1. Scan the stretch A:121-143 residue by residue and report those that are in a helix (DSSP H, G or I) and within 22 Å of A:Glu58 (Cα to Cα).
2. Among the candidates B:Met28, B:Met1, which residue alone is open to solvent by 30 Å² or more (accessible area, probe 1.4 Å), in contact with a Phe, Trp or Tyr (Cβ under 6 Å, 6 or more places away or on another chain) and modelled with pLDDT of 95 or more?
3. Any idea which residue in the stretch A:131-142 is surrounded by the most Cβ atoms within 10 Å (Cβ to Cβ), counting only those that are more than 9 Å from every other protein chain (Cβ to nearest Cβ) and more than 17 Å from the chain's Cα centre (by Cα)?
4. Which residue out of B:Glu71, B:Glu39, B:Glu11, B:Glu33 is more than 26 Å from A:Ala63 (Cα to Cα), open to solvent by 20 Å² or more (accessible area, probe 1.4 Å), among the acidic types (Asp, Glu) and within 13 Å of chain A (Cβ to nearest Cβ)?
Amino acid sequence: MSVSVQTEDFDIGAEMAALTHGRTDIGAVVSFTGLVRDMGGGRPITAMELEHYPGMTERALSAIVAEAEARWPLQGVRVIHRFGPLAPGAQIVLVLTASPHRQAAFEAAEFIMDYLKTRAPFWKKETGADGGAWVDAREEDDAAEARWAR
Amino acid sequence: MQVLYFAWVRERIGIPREEVETSAKTVMDLIEELRAREERYAAAFADLRALKVAVDQDVTDFDADITGAREIAFFPPMTGG
C-alpha cells in the first residue's frame, strides 16, 4: 500500500509501472483518475483550490486502503491525492488497485473512491467569474458509501 | 488544546488554528464556549448540521468526551476526490 498527498502532478503510466514492476502474478490493474471539471454548481469554473487536514488526511486514506485490503485479495494499491490550486483539466486523484482477477480490482477501486469522498478530509473551493464558493457535499456520495456497509 | 478550523469554518472564524484553554468535557461544551466568545464564532457554529468534528484526527459526535484530547478540528462535510 502506498498513499501520497501532494501538490505535484502524477504520471499514471509511471505509477502503474511501479506497482507491477518485477511481478508476474498480477492479473488486473484498475486505474481511476479524477479531474477538475470546468463547470461547478451550474457555472463556469476558472480555478479550484483543494484544502486538506495534514496528518489526518494520510491517516484516513491509509485506513480506507487497509479496509479495502481486508475485503478484497489485493496485490498492490496506490493512492495519490493532490491539494492546493488546480486548474480545470488537472488531475486531482489517482487510485490504482492490483489483483489476480479483475472483479476484485474493479470493486476495490470503486470502494476506495466512495470512502475517500466522504471520509478523507479534503475540501474544494471553486472560483468562477462571480468569486469563490465552497463545494457542497453531495447526498449521492453518502449513498455511494452506504452501499458498501456490512 | 489545539482547535483547528477548515474550509468555510476557517474563513468565517478568520484563523486556521488556535490554542484554547478549556475545561469543556464534551465537544458540545467547547462549541458553547466558542459561540459565547464573539459573533464570528457564533456564525461559524450557527448550524451544527453543516459541521463535522474530529477529535485527535478521528471523526466523532458532538457529545464525544474531549478530556485529555490534544487536537479538535471543525469542518464541513468532506468534498475531496
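1. Taking the stretch A:121-143 and keeping what is in a helix (DSSP H, G or I), we get A:139-143.
The answer is A:Asp141, A:Asp142.
2. It is B:Met28.
3. A:Ala133
4. Result of the check over B:Glu71, B:Glu39, B:Glu11, B:Glu33: B:Glu11.
The values are calculated or read from the model by the stated rules, or taken from the named source; none is laboratory data. What you see is a predicted model, and the numbers here were worked out from it, not measured in a lab. Cβ coordinates were reconstructed from backbone atoms using ideal geometry, including for glycine residues, and neighbour counts include every protein chain displayed. In case anyone asks, the SASA skips ligands and DNA or RNA and just uses the protein heavy atoms, side chains included. Shrake-Rupley method; radii C 1.70, N 1.55, O 1.52, S 1.80 Å.
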